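Readers should treat all values here as calculations from the given coordinates under stated rules, not as data from a laboratory. Keep in mind the model is a prediction, meaning the values are calculated, not measured. Heads up, the Cβs are rebuilt from the backbone with ideal geometry, glycines too, and the neighbour counts pull from every protein chain shown.
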Amino acid sequence: MRGADDEPDNATPPGVGTGVPDGRERLWTPHRMAYIKGEGKPTGPRAEDGCPFCRAPEVSDEEGLVVARGKTAYAVLNIYPYTSGHLLVCPYRHVSDYTALDETETAEIAALTQAGIRALTDSHRPQGFNVGLNLGTVAGAGIAAHLHQHIVPRWGGDTNFMSVIGDTGILPEMLEQTRARLSEHWPQG
């Protein structure tokens, strides 16, 4: 990091135009403003209320960030990931309750979860995973109306001060690059 004392007198100090210069570097994450403002969040609990998990499979895989498709469920990148490669496995059917899944959906969500872990292992070499469901808003579900299982790859030291104190994730590649990389490593068959 540079401080104001390290710069030549004629240089523009960091932070000019963003408030009182204080010598600190800034990590700008303007894409997070969409999340903060709630853009893309459903307006209600029904599929027709703008559910992103109902929309994603209706567009191209590249546009929807869909990594793999099954008959009753699909894997998609989280557009506000905790770490690079953060996948979500969703049923196509708009359902919020895990106990409302039929046997075929349950089995395919499990199979896509296993395939996602394999693809992430091959493509990103994580040291571990968090896998799970947040059922209901009080349980942490950002979009509670459409069930989705998280697959979060983890590395030693990835819960640093940025994510813990600054509520900011550091991602080394764009989502489109991650989607292409995972699709390339997705198990066939």
TODO: Provide, in order from the shortest bin, the percent of all Cα-Cα pairs of the stretch 56-137 in each 10 Å bin, continuing until the bin that contains the maximum pair distance.
DONE: 17, 51, 30, 2
Open item on the list: Counting only other residues whose beta carbon sits under 10 Å from that of V76, what net charge do I get with K and R as +1, D and E as -1?
Closed with: +1
- [ ] Could you work out the Rg to Rh ratio of the stretch 72-120, with Rh taken as the Kirkwood radius (inverse of the mean 1/r over all Cα pairs)?
- [x] 0.99
